[in-house]
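Take a look at the structure set out below.
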Amino acid sequence: MQDVVPLPYLEDVCTYFARIRDRPGAVLLDSARPFSPEGRFDLIASDPVAVLESRGGITTLRQHGETTTVPGSPFRILENLLDSLRPTERSVAGEWPFAGGAIGLFGYGLGADMARSARRESGALPDLCVGIHGWALLQDHELRRSAAVFTTLIDPSTRSEILHALARPVPPPAAFAISGRFTSNLTHTDYSRAFSRIHEYILAGDVYQVNFAQRLSAAGAGDPWEAYLRLRRRMASPFSAYIACGDGVLLSLSPERFLRVAEGRVETRPIKGTLRRGQDGASDRLQAERLLGSAKDRAENVMIVDLMRNDIGRSCTTGSVHVEKLCALESYANVHHLVSVVTGTLAPSETAARLLENCFPGGSITGAPKIRAMQVIDELEPDARSIYCGSVGYLSFDGHMDTSIAIRSLVWDGAEIHAWGGGGIVADSDCDTEYRESLTKVEPLLEELQAGSVAALLRDPGCSRP
């Protein structure tokens, strides 16, 4: 049976993570408590017994001190690896959402084969970086309890080291600072040309919507962990994450669940429709009402709900897929969102890994129809998306899964920090409005790192009309 070690409950899980973040393969899936009230669980792990990485279509497995190349779909490789390493002892399913298993990131580039697009260099982070973890620290903020859960994959010596590390004091991190303004990989003229091309594709009937993004980058120095701690206070979101892998570090403040599987029930929560919150109660209520009354945002949301119904339906039993909520308002630290909830029952012949493969990447950040929208994105966005619009999360040995859509996310490559901002372009979209929205969505992230960095971009001349 698994070994469950109760630990002192801490309202902020970052205290625990700071104590073990220098251990091999340390990962944090963070509900951002106490700054965000929405999330319930935190998850920390380290010392993976195996690591899968994929870059440029080549997947490698590091295990027992050796690295081998493994052919095939990264999702199927992961499924087989979970099967081969699954402990035989009874798990604590029902008590905690994670019983050991896979934790990591799935970059947007993993969808290249599906879209029949050329693979692109993903940058500092691999396309796939997933560790198989035999232990995890979990916190339940609803029941206010914490525990370290160990499987038999973790030897007694490593178990003792981890428990000792979780109790040690650590110094504060070194400050992180950027040394220049954020610059975009698209000028206003570039963006306008791409917008016009998308508009042509829409009028020709190729696509109905394309989620188009620009990348913003700035040079910096210091400890990215300190940057993450500041960002989560400002943009607290229930699907936050901090993961170091390859030559990069992911700092994710995502509000959006991609896919969850629990006791065979599948759930996806696509977001389409975003407005900044007001400065006071009255203006905030007005913003919420404006978003709820937006015919354009509602139409986009419904379009993606239909896409996600089809995607999860490929892995669910016939007739089990339902829309539980349609265009419901959810409010976060800085923004209001329109969120829908689609559910289904996982078919007996399917697994969480196959569901993830069938739905990847999420329709809310590609457009519709998905494959053609991804091809347009590949044609018009000058750089690979890396983890942006990919996914972050876990697949537990007991069949449970929870993953996010990696929006509101940054990547530190050791010299520069990168962020992405985008939005869905449809037939009646306005170029200048979409350009500004793509910046204002990430403005709180960038402004936290440097005042005025987005304001300078917004002062530039507007888009020309298509």
Residues of type lysines that LYS441 reaches as a straight line, Cα spacing below 21 Å, ignoring anything fewer than 8 places off in the same chain: LYS272, LYS296
Cα axis of helix 224-234 to longest principal axis of the chain: angle in degrees, 0 to 90, nearest 10? 60
Tell me which residues come under 5 Å, amide H to amide H, from GLY100 once H is placed; ignore anything under 5 positions away on its chain. PHE397
When a/c reaches 1.5 or more, the comparison of a/b and b/c decides; with that in mind, is the stretch 359-432 rounded, prolate or oblate per its Cα gyration tensor? oblate
Whole-Å semi-axes of the ellipsoid equivalent to the stretch 46-205 (Cα gyration tensor, √5λ, descending): 38, 24, 17
5 angstrom amide H check on VAL442, placed H, neighbours 5+ away: none
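Taking the Cβ of GLY313 as the centre, find all other residues whose Cβ is under 12 Å away and add up their charges (Lys, Arg: +1; Asp, Glu: -1).
Details: positive: ARG309, ARG314; negative: ASP306, ASP311, GLU350.
Once positives and negatives cancel, what remains is -1.
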Diffing the stretch 197-210: the Karplus 3J(HN,Hα) column from phi (6.51, -1.76, 1.60, θ = phi - 60°), in whole Hz with x for Gly and Pro, holds 5, 4, 4, 5, 4, 5, 5, 7, x, 5, 9, 9, 7, 10
Only one of the values (i) 28.0, 99; (ii) 21.3, 66; (iii) 23.4, 82 was calculated from this structure for Rg and Dmax of the Cα atoms in Å; name its label. (ii)
Inter-probe distance in nm under a simple model that places probes 7 Å from Cα toward Cβ, at GLN63 and ALA219: 4.4
Which of rounded, prolate, oblate describes the stretch 93-169, given a ≥ b ≥ c as roots of the alpha-carbon gyration tensor eigenvalues and a/c under 1.5 marking rounded, otherwise prolate only if a/b is larger than b/c? prolate
Run lengths n ≥ 4 of DSSP H only: what is the helix-derived mean residue ellipticity at 222 nm for the chain, with -39500 (n - 2.57) per run over all residues, to the nearest 500? -8500 deg cm²/dmol
List the residues of the stretch 94-116 whose backbone N lies under 15 Å from a point placed 7 Å from the Cα of SER73 along the Cα-to-Cβ direction. 110-116
If you average the alpha carbon positions of the stretch 143-166 and of the stretch 26-79, how far apart do those two centres end up, in angstrom? 18
Could you pull out every residue, at least 5 positions away or on a different chain, whose amide H is within less than 5 Å of the one on THR59? Hs are placed 1.01 Å off N in the peptide plane, and Pro or chain starts have none. VAL70
Kindly identify the stretch 207-317 as rounded, prolate or oblate by the Cα gyration tensor criterion: order the square roots of the eigenvalues as a ≥ b ≥ c, call it rounded if a/c is under 1.5, otherwise compare a/b with b/c, prolate if a/b is larger, else oblate. oblate
Between ALA174 and ARG234, what is the FRET efficiency for a Förster distance of 22 Å, r being their Cβ-Cβ separation, to the nearest 0.05? 0.65
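Viscosity 1.306 mPa s, temperature 10 °C: give me the Stokes-Einstein translational D for the stretch 255-306 in µm²/s, with Rh taken as the Kirkwood radius over C-alpha pairs. Intermediate results must be reported in sequence, preceding the final value.
Values: Rh = 12.8 Å.
Translational diffusion coefficient: 124 µm²/s.
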Nearest 20 debye, what's the magnitude of the dipole of the chain about its Cα centre given +1 on Lys and Arg Cβ and -1 on Asp and Glu Cβ? 400
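Read the figures in this text as sums done on the coordinates, not as results from a lab. Since the model is a prediction, treat every value here as computed from it, not as a measurement. Positions of Cβ are generated from backbone atoms using ideal geometry, with glycine treated the same way; all protein chains shown enter the neighbour counts.
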